[in-house]
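What follows is one structure encoded as structure tokens, with my remarks underneath.
The values are calculated or read from the model by the stated rules, or taken from the named source; none is laboratory data. Nothing here was measured: the structure is a model prediction, and the numbers come from that model. Because the Cβ atoms are built from the backbone with ideal geometry, glycine has one as well, and the counts that use them run over all protein chains shown. Keep in mind that these areas ignore ligands, DNA and RNA; they rest on the heavy atoms of the full protein, side chains included. Shrake-Rupley method; radii C 1.70, N 1.55, O 1.52, S 1.80 Å.
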Amino acid sequence: MMLAFGPFMHHLSAPLCAAMLGILALPSHAQVKTLTGFSVEQVYAVPQDRGSWVSLANDDKGRLIACDQRGKLYRITLGDETAVKPLDTPIGHAQGLLHAFGSLYVMGRKGKTSGLFRLRDPDGDDQYEEHEHLIQIRMGNEHHGHAIVLGPNGKSLYVCAGNMTHYPKPGFTSSRMPQVFAGDHVLARMPDAGGHNNNAPPIGGWVLRISPDASERELIANGFRNHYDIAFDENGELFTYDSDMEWDIGTPWYRPTRICHVVSGAEFGWRFGSGKWPAYFADSLPSVLDIGPGSPTGITFGTGARFPARYQKALFVADWSYGVIYAVHLDRDGASFRGTKEVVATAAPFPVTDMVVRPDDGALYFATGGRGASSALWRLRYTGDRDTTSAQPVAASAGRQSLRRRLETLHVAGAKNAIQTAWPHLGDDDRHVRFAARLAIEHQPVASWQQRVLDEKHPRRLVHGAIALARHGEKQLRQPLLDRLATVRWERSDDAQKLELLRAYGLVLARLDEDGKLGRNEYAELGARLDAHFPDSNREVNRELARLLSALDSDHAVAKTLDLLESAPSQEEQMHYAYCLRNVRTGWTDERRRRYLTWFHRAAGFRGGSSFRGFCNNIRKDAIKNMSKAEQAAFGTLVTEEPKPREIEAVASNRTFVKMWTVEELEPLLAQKRSGHDFENGRKMFGVAACVRCHRFAGEGGSIGPDLTSVGGRFGIREILESTIEPSKVISDQYQPTVFTLKDDRVVIGYVANYNKKRIKVAEDMFRPGDFTAIPVADIISKEPSTVSMMPPGLLATLTLKDVQDLVAFMRSGGQRDHALFR
């Protein structure tokens, strides 16, 4: 199900030229749709011999600097005519540019030497004769060194690099993160089933602060997948737009592209393969906003733009593959922020690579290109009638944000009174404050706070102290920590506190177990204690209980986890439980083993990214390997025959047709029932109606369509019904498919998901997000927006009136069981 909501847009035409992917033969114009009041114009079409531009920067004379992904640097002088000249320097291939301190900093390459370079013009002739290699950082593909930005104090630089990048050479001179990095998995992770990135550094992409000459190098944060750019707001808060791992779509460890608030010592939990941390792990930080599938590229705040005040303060971010520029509006939320997104400009295709605000004219300049695609420079301006005078600055952070920043000053070894100051805040209600307090303590010698953890009586401070001690302590602390954690009262803990407690247990087991085998006799007491609370009413708590009990080989893990697997409404949740059970050795009966093996054949109808099927197969292989030869023989074809992928219709719920509901008949029937709905049935119907395949809701489900968690706060019953029953009535520009007519008379309809100068990849079926149709660019005769939504009709046809009432109530509740609709 894909809801067709979106902001009011109007259309502007821009000359096609070379800007749109190399579709040079098309006689039409590229349609760039912009938010009302904004206009886009093409400033310069990049000739093929000047490459495909992926990075931009302002220089100190009002000009722009750009770089071809696989070639030279260029200087752009803007005026009545745009003049572009190549720079005479051997440095190029840049994916990050910054002019600061009288120098041009380049994240690029010179021959086989790569990393951060500083270019200077000592004689003032507008050429950079001097070039100095400051830091060795791997370059060569799109997951290595990226952006360079000026620090908020104007005295330092910040650089970022993606998940295939090892730490720079020379290494750090300091770190805001205690350097005790590990995967921290209580269950052995699986490498990517498609072989992607399995030899990458274990802790993902990072952000580094450096002095202008790079003699000082401080690690700020890590755990990113592949963030291309970073940006500071007016108060010095740092943000990035991190990428997803699209091959993981459909798995429980898929994480959508997301906006992250990059605080001191931040850990965002990216690990390769199945090892990506869920956002609720207490030793990591959550996103500010999940956006969905895409390819994040350039970002910048609207500071200095001649835009209305709301957009001067917005974070503009680009999605390369889906051709969108978003304005992300950030509101303070405790010690951090929460975000909402708004589409400012979009087209299909529209591969935006980088963007900057040019102070001279207050416009947002951005480049399109990348991967050899035809390239252009564009300008986004505000042409409406709203006031564009400089917005009043927002006061520097206060309250929880101020507290967090004070605690962050203690993220150094030997900080005065760090333990005394930070300790009370281990129990703070704010997650970012707790995180900052724990890191302040972890930076100090363990011997100075170890006993304080073991003596702590406050439950939340004890849990977060135990997390710190598990990360730094010796193995002999395992049992004392387990004993102290056993004093935390489960029944007095809310869901968040339960998850923190379970993560503390997991870290003790992952870090402090003697041999890493977690023998069940040794942990029988812990297993029994956790089993008494399994299953829980909260889905995420159940996920972690299943993970821990499976790792402990608990007696009842199989029976209870199988029940959850078979009742879970989403394939992601089912796959998580199957993943947990794959190496459990105790608690099996013939009946349970048959149910488990049968699930893999049922799951053959599930769909996901490129690695999804391989992950399912590898989970099954582990499960079979865990069986004796006699057991394998006893289950015959369930073991010997590989599950065969089937059409989704063949694995749909065995439900009978009820009727083709209309908006007119349902709206009054739903409006008159204001309470007494069934939460669990609503959640089940979210799966039966296939909503969960494309939409995320309360942290669960797919990411192809928009996240529906907040839909109840923005739309009424009629709007929800219209978008469900009549999906083509209004199609958001962001989710509008494109119709491609080809030379052989074929017509391909879908979303542009990837491209280069020779071919476009189109996703034709949202139920198969990893399956793409490749279209040679030379074969395209025409392309135009589709007037038919890719969301299929009739999704409510097997639902009774009560089912529809419960489904809509579930959607309106935001996933809150205690909502008035369920009373």
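Would you check the accessible area of LYS621, probe 1.4 Å, heavy atoms only, in square angstrom rounded to 10? Result for LYS621: roughly 110 Å² accessible.
Rolling a 1.4 angstrom probe over the range 297-379 with all protein chains present gives an accessible area of which 43% lies on carbon and sulfur atoms. Kirkwood radius, the range 409-473, all distinct C-alpha pairs, inverse of mean reciprocal distance: 11.3 Å.
Peptides 273-280, 775-782, ordered by how many other C-beta atoms sit within 10 Å of their residues on average, highest first, read 273-280, 775-782. Using only alpha carbons, the chain has a radius of gyration to Kirkwood radius ratio (Rg to Rh) of 0.96. Protein heavy-atom accessible surface, 1.4 Å probe, per residue over the range 488-605: 38 Å².
Checking the cross-link pairs LYS659/LYS761; LYS644/LYS761; LYS61/LYS758; LYS729/LYS783; LYS72/LYS169; LYS560/LYS625 against a 27 Å limit on the alpha carbon distance flags LYS659/LYS761; LYS61/LYS758 as lying beyond it. Taking the average, over residues, of other Cβ atoms within 10 Å as the packing measure, peptides 657-670, 181-194, 156-169 rank 156-169, 181-194, 657-670 from highest down.
Our summary gives the range 99-212 a relative contact order of 22 percent, counting only alpha carbon pairs under 8 angstrom and 6 or more residues apart.
Solvent-accessible surface (1.4 Å probe) assigned to MET791 amounts to roughly 10 Å². Backbone N atoms of the range 101-123 closer than 18 Å to the 7 Å Cα→Cβ label point of LYS85 belong to residues 104, 120-123. Taking all protein chains as shown and a probe of 1.4 angstrom, TYR579 keeps an accessible surface of around 10 Å². Karplus-based coupling profile of the range 366-375, in residue order and whole Hz: 9, 10, 10, x, x, 6, x, 5, 4, 10, with θ = phi - 60° in 6.51 cos²θ - 1.76 cosθ + 1.60 and x standing for Gly or Pro. Evaluating 6.51 cos²θ - 1.76 cosθ + 1.60 at θ = phi - 60° for every residue in the range 153-169, the Karplus couplings come out as 8, x, 10, 9, 10, 10, 10, 10, 8, x, 6, 9, 9, 6, 4, x, 10 Hz, glycine and proline recorded as x. Per-residue accessible area (protein heavy atoms, 1.4 Å probe) orders THR388, THR36, THR346 as THR36, THR388, THR346, starting from the largest. For the range 245-252, backbone phi angles converted through the Karplus equation (6.51, -1.76, 1.60; θ = phi - 60°) give residue-by-residue couplings of 10, 4, 5, 8, 3, x, 9, x Hz, Gly and Pro being listed as x. Modelled spin-label separation between ASN153 and VAL394, with each label point placed 7 Å from Cα along the Cα-to-Cβ direction: 2.3 nm. For the residues LYS155, LYS72, a 1.4 Å probe over the protein chains yields an accessible-area ranking, largest first, of LYS155, LYS72.
Calculated [222 nm] ellipticity per residue, helices only, for the chain: -7000 deg cm²/dmol; basis is -39500 (n - 2.57) per DSSP H run with n ≥ 4, divided by all residues, nearest 500. Placing R0 at 51 angstrom, the Cβ-Cβ distance between ASP771 and SER448 gives a FRET efficiency of 0.35 after rounding to 0.05. Percent of Cα pairs in the range 497-652 per distance bin of 5 Å, from zero to the largest separation: 1, 9, 18, 20, 19, 15, 10, 5, 1, 0. Residues of the range 385-412 with an amide N closer than 19 Å to a point placed 7 Å from the Cα of GLU41 along the Cα-to-Cβ direction: 385-386, 388.
The calculated FRET efficiency for the pair HIS556 and LYS457, based on their C-beta separation and a Förster distance of 35 Å, comes to about 0.65. Quote the FRET efficiency, to the nearest 0.05, computed for ASN583 versus ASN538 with a Förster distance R0 of 25 Å and r equal to the Cβ-Cβ distance. Computed FRET efficiency for ASN583 and ASN538 comes out at 0.50. Within the same chain, aspartates and glutamates fewer than 8 places from LYS621 are excluded, and of the rest, those with a Cα less than 16 Å from its Cα are ASP192, GLU631, GLU641, GLU642. Taking 0.36 nm per residue of separation and subtracting the Cα-Cα distance, full extension of the segment from GLU764 to LEU669 would add 30.7 nm. Based on alpha-carbon centroids, what's the gap between the range 145-177 and the range 738-752 in Å, whole number please? Taking the Cα centre of the range 738-752 as reference, the centre of the range 145-177 is 43 Å away. Separation of the range 384-417 and the range 789-812, taken as the distance between their Cα centroids, equals 44 angstrom.
Relative contact order, whole percent, for the chain stands at 12, derived from Cα pairs under 8 Å and 6 or more residues apart. Model label sites at ASP361 and THR173, defined 7 Å from Cα along the beta-carbon direction, differ in position by 4.1 nm. Model label points for ARG746 and ASP59, set 7 angstrom from Cα along the Cα-to-Cβ axis, are 4.7 nm apart. Under 5 Å between amide hydrogens, built in the peptide plane, is the criterion, and for PHE38 it picks out THR383 among residues at least 5 positions away or on other chains. Rounded to the nearest percent, how much of the accessible area of the range 458-588 (1.4 Å probe, protein heavy atoms only) is carbon and sulfur? Ligands and nucleic acids excluded, carbon and sulfur give 43 percent.
Working from Cα pairs under 8 Å separated by at least six residues, relative contact order for the range 207-286 is 25 percent.
When only alpha carbons are used to place a centre, the range 214-262 and the range 341-376 end up 20 Å from one another. With only Cα atoms counted, the range 190-349 has Rg and Dmax values of 16.0, 49 Å.
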